[in-house]
Amino acid sequence: MVKKERQSNIELLRILAIMGVIVLHYNNPVMGGGIKYVREGSVNFYVLYVLESIFACGVDLFMLISGYFMFKSRKRNIWRPIELIVQVMIFREVIYLVKVLFHVIPFSIKTAVTTLIPGNYFVILYCVVFLLSPFINILIEKLTAKNLRMLVLLSMLLFSIIPTIVDVLGELRGEQFVGLSTVGMYGSQWGYSIVNFLLMYLIGAYMKKDYSKLTELSNVKMIVVLIVDIVLLVIWARVNDKIGYFTERTAWEYCNPLIIFEAAIVFILFNRINLGVNKVINLLSEGVFTVFLLHQIFIPYLHIEKFVKGNALIMLIHVIGCMVGLYFLCWCVHKIYNLITNPIFKRLSSKHEIMLEVES
């Protein structure tokens with residue numbers, strides 16, 4: 001069977017989305033510290049807030065894309081999630097051993113063993129959605145377009161709007177409301193939950209099934225709406241600063257309806273671009289997952305504090321340079337990793353095929 005070429009417009013979107021995740025970690029107070037070190041109210045401060053608001057939809061985009069392109073399939077190759085989890089384990093262990101080698105941390109047998117545990121929320125939740133998706137697809141296929149729209153709207157209300165309102169009330173109260181959220185006892189988990197992943201998958205599948213409803217607005221109007229959305233997120237984030245927040249601002253929660261709305265608009269705009277099959281873009285996009293796993297170890301060495309306190313233009317160039325530079329560095333690692341592991345996985349999967357197939 002001839003392998004279907006990936007749409008280069010969407011592959012470009014995936015590249016930009018993971019570069020956006022790099023920006024989020026550049027800004028993250030614990031990882032890069034951009035927003036922690038920048039002077040409040042400065043030009044640099046608002047540049048970082050705008051960038052954060054633009055790229056906060058990156059994770060949601062990945063799940064939306066999955067829903068859009070996996071919606072028709074009733075089969076899943078179980079080797080796919082196995083490969084992802086194995087890659088997480090290998091990368092975690094190699095990173096640990098490199099840190100030991102360079103005397104960053106001491107060696108411990110206990111740590112060496114426990115490091116193999118594939119603790120990565122995105123990978124685990126993605127694998128869950130991947131395995132459940134054939135069953136979800138049958139449900140979506142059986143629904144009429146009207147009922148599917150009702151399901152999407154109801155899901156948005158229950159799993160995005162209400163949880164976000166509860167989180168905002170918690171911010172205003174200065175204390176988390178326990179047992180009030182429709183996602184879980186302890187709130188929305190800021191969108192780091194299987195609920196939000198399934199919601200984004202559902203939205204992507206809906207777009208695939210009833211895309212005609214999404215083509216009414218022109219690109220210009222869509223871009224205007226997108227800009228308004230980003231401005232509202234920046235204002236919301238500043239309000240968060242004034243009233244306080246627990247761990248993360250509600251403005252940039254992955255389950256925030258404005259973040260979900262932003263992901264949907266960005267996807268529609270890129271889906272309208274006709275790039276055909278661009279082999280360079282498609283080749284570069286192969287490394288997206290490795291970039292996601294690996295870029296964080298380089299973040300502490302980017303001298304972010306120095307740049308966010310300097311000239312705004314130089315800082316912006318530094319942000320872009322970090323995005324592009326880390327992507328290509330991790331992409332090179334991806335090629336080396338694939339060169340070593342692909343023959344092993346191909347041999348295993350050819351000898352021991354494990355397929356999940358759901359009958360409709």
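The values are calculated or read from the model by the stated rules, or taken from the named source; none is laboratory data. Given the structure is predicted, the values throughout are model-derived calculations rather than measurements. Note that we place each Cβ from the backbone using ideal geometry, even for glycine, and neighbour counts take in every protein chain shown. Just the protein is used for accessible areas: all its heavy atoms, side chains included, with ligands, DNA and RNA removed. Shrake-Rupley method; radii C 1.70, N 1.55, O 1.52, S 1.80 Å.
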Listed by first then second residue, the pairs whose first member lies in segment 11-40 and is free of Cβ contacts under 8 Å to residues at least 24 places away in the same chain and more than 28 Å from LEU269 (Cα to Cα), whose partner is open to solvent by 50 Å² or more (accessible area, probe 1.4 Å) and assigned to a helix (DSSP H, G or I), with beta carbons under 7 Å and at least 6 positions apart or on separate chains, are PRO29/LYS36
Of all residues in segment 138-174, count the ones that are in contact (Cβ under 8 Å) with a residue 24 or more places away in the chain and within 15 Å of PRO257 (Cβ to Cβ).
11
Of the residues VAL239, VAL234, VAL277, only one is open to solvent by 50 Å² or more (accessible area, probe 1.4 Å) and in contact (Cβ under 8 Å) with a residue 60 or more places away in the chain; which?
VAL277
Number of the exception - LYS213 against (1) exposed (fewer than 15 other Cβ atoms within 10 Å of the Cβ); (2) closer than 19 Å to LEU154 by Cβ; (3) modelled with pLDDT of 90 or more:
(3)
Would you please list the contacts, defined by Cβ atoms under 8 Å and residues six or more apart or on different chains, that run from a residue in segment 96-107 that is closer than 15 Å to LEU293 by Cβ to a residue that is part of a helix (DSSP H, G or I)?
TYR96/THR111; TYR96/ALA112
Picking from VAL104, VAL38, the residue that is open to solvent by 20 Å² or more (accessible area, probe 1.4 Å) and either among the hydrophobic types (A, V, I, L, M, F, W, C) or closer than 16 Å to MET323 by Cα (or both) would be VAL104
Checking VAL38 against (1) touching a helix residue (DSSP H, G or I) at 6+ places or on another chain (Cβ under 6 Å); (2) β-branched (Val, Ile, Thr); (3) under 13 Å from GLU262 (Cα atoms), which test does it fail?
(3)
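Residue by residue, here is whether (1) among the charged types (D, E, K, R); (2) over 20 Å from PHE62 (Cα atoms) holds:
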{"residue": "ASN274", "(1), (2)": "no, no"}
{"residue": "GLU305", "(1), (2)": "yes, yes"}
{"residue": "MET323", "(1), (2)": "no, no"}
{"residue": "SER349", "(1), (2)": "no, yes"}
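To keep it simple, each residue is scored yes or no on (1) part of a loop (DSSP other than H, G, I, E, B); (2) open to solvent by 40 Å² or more (accessible area, probe 1.4 Å); (3) touching a residue at least 24 places away in the same chain (Cβ under 8 Å).
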position: ALA251; (1), (2), (3): no, no, yes
position: ILE268; (1), (2), (3): no, no, yes
position: ILE281; (1), (2), (3): no, no, yes
position: VAL291; (1), (2), (3): no, no, yes
position: GLN296; (1), (2), (3): no, yes, yes
position: TYR327; (1), (2), (3): no, no, yes
position: ILE336; (1), (2), (3): no, yes, no
position: THR341; (1), (2), (3): no, no, yes
position: LYS346; (1), (2), (3): no, yes, no
Name the residue, out of VAL234, VAL277, that is assigned to a helix (DSSP H, G or I) and out of contact with any His (no Cβ under 9 Å at 6 or more places or on another chain).
VAL234
Scan segment 298-314 for residues that are outside any helix (DSSP H, G or I) and loosely packed, with under 14 Cβ neighbours inside 10 Å and jot them down.
HIS303, LYS309, GLY310, ASN311
Looking at segment 3-59, what helices (runs of 4 or more DSSP H) fall wholly within it and have at least 3 residues that are within 14 Å of the chain's Cα centre (by Cα)?
8-27, 43-55
Subset of segment 274-288 (residues that are within 21 Å of the chain's Cα centre (by Cα), within 25 Å of MET200 (Cβ to Cβ) and aliphatic (A, V, I, L, M))
ILE281, LEU284, VAL288
Pick from segment 348-360, criterion of a type in the set (Ser, Thr, Tyr) and in a helix (DSSP H, G or I), ranking: surrounded by the most Cβ atoms within 10 Å (Cβ to Cβ):
SER349
